[in-house]
1. Quick test for you: out of A:ALA71, A:ALA136, A:ALA114, pick the one residue that is among the hydrophobic types (A, V, I, L, M, F, W, C) and over 30 Å from F:GLU30 (Cα atoms).
2. Out of E:PRO14, E:PRO62, which single residue is under 24 Å from F:LEU212 (Cα atoms), more than 12 Å from chain F (Cβ to nearest Cβ) and open to solvent by 10 Å² or more (accessible area, probe 1.4 Å)?
3. Given (1) of a type outside the set (Lys, Arg); (2) in contact with a Leu (Cβ under 7 Å, 6 or more places away or on another chain); (3) over 16 Å from D:PRO40 (Cβ atoms); (4) more than 10 Å from chain D (Cβ to nearest Cβ), identify the lone condition not met by F:ASP162.
4. Looking at region D:190-225, which of its residues are closer than 12 Å to F:PRO144 by Cα, assigned to a helix (DSSP H, G or I) and either open to solvent by 80 Å² or more (accessible area, probe 1.4 Å) or β-branched (Val, Ile, Thr) (or both)?
5. Can you go through D:VAL215, D:VAL172 and tell me which one is more than 22 Å from F:VAL58 (Cβ to Cβ), facing chain F (nearest Cβ under 10 Å) and β-branched (Val, Ile, Thr)?
6. Kindly indicate the residue of region D:137-146 that is under 19 Å from D:VAL116 (Cβ atoms) and among the hydroxyl-bearing types (Ser, Thr, Tyr) and also surrounded by the most Cβ atoms within 10 Å (Cβ to Cβ) among those meeting that condition.
7. Quick one: would you say E:VAL56 is open to solvent by less than 10 Å² (accessible area, probe 1.4 Å), under 29 Å from D:PRO44 (Cα atoms) and either modelled with pLDDT of 95 or more or more than 9 Å from every other protein chain (Cβ to nearest Cβ) (or both)?
Protein chains: 6
Amino acid sequence: MTPTIVRTIARADPGDIRRLGAAGVATVHEAQGQRGLLRPSMRPVFPAARVAGSAVTVLCAPGDNLMIHAAIAVVQPGDVLVVSTTSESTDGMFGELLAESCLAHGVAGLVIEAGVRDTAEMTALGFPVWSKAISAQGTSKTQPGSVNVPIVCAGAAVSPGDVIVGDADGVVVVPRESVAAVIVAADQRLAKEERTRARLKAGELGVDIYGLRDVLAQRGVIWRD
Amino acid sequence: MTPTIVRTIARADPGDIRRLGAAGVATVHEAQGQRGLLRPSMRPVFPAARVAGSAVTVLCAPGDNLMIHAAIAVVQPGDVLVVSTTSESTDGMFGELLAESCLAHGVAGLVIEAGVRDTAEMTALGFPVWSKAISAQGTSKTQPGSVNVPIVCAGAAVSPGDVIVGDADGVVVVPRESVAAVIVAADQRLAKEERTRARLKAGELGVDIYGLRDVLAQRGVIWRD
Amino acid sequence: MTPTIVRTIARADPGDIRRLGAAGVATVHEAQGQRGLLRPSMRPVFPAARVAGSAVTVLCAPGDNLMIHAAIAVVQPGDVLVVSTTSESTDGMFGELLAESCLAHGVAGLVIEAGVRDTAEMTALGFPVWSKAISAQGTSKTQPGSVNVPIVCAGAAVSPGDVIVGDADGVVVVPRESVAAVIVAADQRLAKEERTRARLKAGELGVDIYGLRDVLAQRGVIWRD
Amino acid sequence: MTPTIVRTIARADPGDIRRLGAAGVATVHEAQGQRGLLRPSMRPVFPAARVAGSAVTVLCAPGDNLMIHAAIAVVQPGDVLVVSTTSESTDGMFGELLAESCLAHGVAGLVIEAGVRDTAEMTALGFPVWSKAISAQGTSKTQPGSVNVPIVCAGAAVSPGDVIVGDADGVVVVPRESVAAVIVAADQRLAKEERTRARLKAGELGVDIYGLRDVLAQRGVIWRD
Amino acid sequence: MTPTIVRTIARADPGDIRRLGAAGVATVHEAQGQRGLLRPSMRPVFPAARVAGSAVTVLCAPGDNLMIHAAIAVVQPGDVLVVSTTSESTDGMFGELLAESCLAHGVAGLVIEAGVRDTAEMTALGFPVWSKAISAQGTSKTQPGSVNVPIVCAGAAVSPGDVIVGDADGVVVVPRESVAAVIVAADQRLAKEERTRARLKAGELGVDIYGLRDVLAQRGVIWRD
Amino acid sequence: MTPTIVRTIARADPGDIRRLGAAGVATVHEAQGQRGLLRPSMRPVFPAARVAGSAVTVLCAPGDNLMIHAAIAVVQPGDVLVVSTTSESTDGMFGELLAESCLAHGVAGLVIEAGVRDTAEMTALGFPVWSKAISAQGTSKTQPGSVNVPIVCAGAAVSPGDVIVGDADGVVVVPRESVAAVIVAADQRLAKEERTRARLKAGELGVDIYGLRDVLAQRGVIWRD
């Protein structure tokens, strides 16, 4: 139970991470059986935010960002900080200076189940952030915690090195060992969606394409004028 | 109590619907005696979203969009889908493919007391949506429900064929039989507001224009330096 | 306990108000010892909203804006209306016409622990507003209240003439008697941040700059591979 | 759209109302196809609260109980007041004096999507109340509204004369025209539950009684040690 | 802005405090013009909780109860601890040991805009507590704060020495300088309620007793069968 | 990613489980370094509820209790069902019949991040339940899920066979491999608390017992009259 900073973690293949990022949150979430989604209270600070990277997990005391500073000492370019707190907080635990430090070390983005501040500056820097609040409330740097241990963030279990994908629809986590299988499933899904999209744009109905008229009948739904 | 899809509904006059849309949510809401507003938790996916159309109502099981597919089979151009669930859900019950299908059939917009996903794509398509959440959480297509029956959506009772008006301020429903009266009241209100606006811009005070100095006095409010 | 409209209040020096506004919410909040922040549920209607001014406080009945009209009769150019209600409300208590009236009298912005409406128009006018809700729900003009008495707004105590600073991160209140001290502390903080920013952008670590390696050790945090 | 107090409403048969009350909220809700449940935010003031009666609907302005007083002028013994507000409120719109007045006129209970106060007194009187908040915040008696018009209360549409059933699990509304069918369905359900209860108490498994082993297999769920 | 523990505060007369306590929260709140009520999210830990006493105010860091310990060093018998945090927290900042310490020093109760724990033990001890959460989440004892400075607790401004009244309906604060006037108003209100109660129990209608038939007519409310 | 029911899990020693139960939630939570607490939204259905047992984890679709039935087929006496859903739900997924079935198989209690119903009956049966809602909303038995896989419940990661402790303060999970260490730490804590309790009851101050006068001085807190 000793608070610990783990320096070395295994990461997924960069090419695989890019492919998951290109697929997007909704597709990845479906491709892994509707698992791994963070709660919808996690919203991007600016609408164009988009990220895919390896999770460096951070467990902080509420209102204290000591461990975020510690985490930046062990990141590699392309990592995504995933921050949770030991009890709920909306304090602004991350701001412009930390964003500058992240950018200097190649951190690709931040996912934090707490608040952030200096959001105008973060938007100007183009540093993608998902948080559950925006708050100017500052923090201390005095309370211990851990880096790169398994955490729960916004209802999802995240282990160090898992792949994090974020976009306008939210954030999803893919366990590192599932990455290959999820890419296959995502590609299949995207190909199938492409075909379905063409048919729907041409005016075909979902009830016909997906065979739902039978489902409706089996469930006892009647049609009438 | 049989789940039912009603194919044919009465709709308001398209010209009347346009006039209500032009008046906007706040004015329409006032014009019908401050009734019919959906809860403020219903927010547009993109700020410029604006719609006016006839309600095609959809009652779904939570996390299941079978009945949205069924509804698209009975819409007419200009309709607005109004979706409620039998118990509360924030799942992403509507996404890009359904938006494409809606556009192919002339659906003017979506109002859903649940979540939506693929919001970047929906914004790019310009398909206006009001929802209570954004979530990548996908859905099944297996549970029965109804189309074009009276529903409650975000605290407001909506019947098929009622007029739905949505803009940056939210969503309001106008019962079909009230449309004519509401247009008259809205026009009167807009004309009056035009006159008041000119006086306020010229620096006259609301307390003078509306006769509020008397109200303040009657209520026992005192002025002092 | 008589409801009262106070016409004359003391205000801070305009140059001081400008300096606090330039420092921004996060810096001002830190500079006064992490006090005076309104709850993070208070959000700007448009992202670029930014204001600094003297508080004219308004206490309304929920869903009644009589006292906002009364307040506009006693404002001076540069003031910020700060509105609270005697019980919680999300009604749209302020809209375009009141915004026009505010602009005609030089009001610099609005902070309201309730709802607002006509948000598209307000954005077009560039009138900065922070509220806890957007709602078309209209209001009455019949219930008494007070202007320029001490109030609590979104969890912060606000007295007439206090300085209000608002930006993308939220809203903070500076007691009038603290203005000079806060400016000094904000300037020191900004200068220090400038130096820290340069070092962080150059890749130095926060754990080194702030001496956090010692803190981590003292708290029993261990590093391991 | 004129605010109206309707004196005369049709009510269900008292024996039928009693039978629905005996079945309880969960059974009645199932028996009418999982419809008509008020949101779970509606909680009884004391745990033993239980009621069944005919709805006298009341639409109030938020924080104003004028129309509750008006409603008591038109109730009959055994009625249940069902109160909603035109915008959200948690004010204590009903207290001990109104409870005494209700008891004097035979009102069987209160369902209110707002707050109540004097809860210790109400508990001592044994007057059953379901509300979404407890708050000492008092109200005015000045704003118009309606009695015995269709309303939406806590997400459910309620018409005057509908049957209201409340217990520890919440509140459900049965449309007056559905009462006979719901009683039949409730009786069937209760009989079936009685048989199932005996089997479950004897240690039979739900997966066997309900044939769920097949469902699990069809859905691809596997068993393993 | 130095964190400070103020040892000596002025208190109201014990007899006056008792009279406010006997009147109860709802009556006191009305008697001072519907002001001073804490938000309804503040609930008693056990239903029979009831208190009246002088406020000893405590401002803590979230999740840190150092200053509660400090406050017990300056209390007098009959005081009520009123605790707020510099940012929002639901942590269990007060438990059985602190309750024992409070009882040993005659503290009459606790009002805390945060969480508490050991609620079974607190109930057994009969120590009355109002909080916004129950949580076993423990706290540190390391962060500075203040005792007996003006604070905002659950939306109400509280100064040291103000009178706190709590019961099943919530918590209200009476500024020390208003105590005498509020007692007079509360007595008048109680006497009037006594007369009204008798008439309502005898079956007279509120619309007649309060003259509301005229109000209804003036507001345009019509009666019909 | 196949949905799976795991029949066999490792469990902690029954005597150890009893010792954790006797220590209670707050003590166990502290003893394992303030980890493992479920969110405070998880509340017992009746105040005297108290449980300690081995977690049988259940992952359900929202509003579908198929997998709870499946779980009862693999429980052993003394187990606690811990139920989570793939997206948020407040539906009443567990009621009297399931409680009877649980009792027949020796299940010691239920922790569910969703709703329950038949709460009066559950209270009468003395079957302890912690949930985030009470709702009569019924459920289907058609959607796949898993039993005895790692889940996240109310913000805490729970693995099959972990020890669950619940009481009036909430619910805490102890990883099976930590049980022995937590018991030692809990015993030490209880012994220490016993000594501290005696001193506090005798009137000693926490600031003296815990050495907090120094902490206050170091943090710059001043005492004044």
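1. Working: A:ALA71 fails: over 30 Å from F:GLU30 (Cα atoms); A:ALA114 fails: over 30 Å from F:GLU30 (Cα atoms).
Being among the hydrophobic types (A, V, I, L, M, F, W, C) and over 30 Å from F:GLU30 (Cα atoms) holds for just one of A:ALA71, A:ALA136, A:ALA114, which is A:ALA136.
2. Working: E:PRO14 fails: under 24 Å from F:LEU212 (Cα atoms).
Only one candidate qualifies: E:PRO62.
3. Every condition holds for F:ASP162 apart from (2).
4. Listed by number, the residues that qualify are D:ARG213, D:ASP214, D:VAL215, D:GLN218.
5. Working: D:VAL215 fails: more than 22 Å from F:VAL58 (Cβ to Cβ).
The unique qualifying residue is D:VAL172.
6. Within region D:137-146, the first condition is being under 19 Å from D:VAL116 (Cβ atoms), and the residues that meet it are D:137-141, D:143, D:145.
Right, trim to among the hydroxyl-bearing types (Ser, Thr, Tyr) and you get D:139-140.
Working: D:THR139: 25, D:SER140: 17.
Among residues in region D:137-146 that are under 19 Å from D:VAL116 (Cβ atoms) and among the hydroxyl-bearing types (Ser, Thr, Tyr), the one surrounded by the most Cβ atoms within 10 Å (Cβ to Cβ) is D:THR139.
7. Taking the combined requirement at face value, the residue does not satisfy it.
Condition check ((1) assigned by TED's automatic domain parsing to the domain that holds E:VAL149; (2) touching a Phe, Trp or Tyr at 6+ places or on another chain (Cβ under 9 Å); (3) farther than 15 Å from D:MET67 by Cβ) across all residues:
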{"position": "E:ASP169", "(1), (2), (3)": "yes, no, yes"}
{"position": "E:LEU190", "(1), (2), (3)": "no, no, yes"}
{"position": "E:THR196", "(1), (2), (3)": "no, yes, yes"}
{"position": "E:TYR210", "(1), (2), (3)": "no, no, no"}
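The values are calculated or read from the model by the stated rules, or taken from the named source; none is laboratory data. Bear in mind the structure is a predicted one, so any value in this text is a computation, not a measurement. Because the Cβ atoms are built from the backbone with ideal geometry, glycine has one as well, and the counts that use them run over all protein chains shown. The protein model used for the area step is the full one, side chains on, heavy atoms only, and it has no ligands, DNA or RNA in it. Shrake-Rupley method; radii C 1.70, N 1.55, O 1.52, S 1.80 Å.
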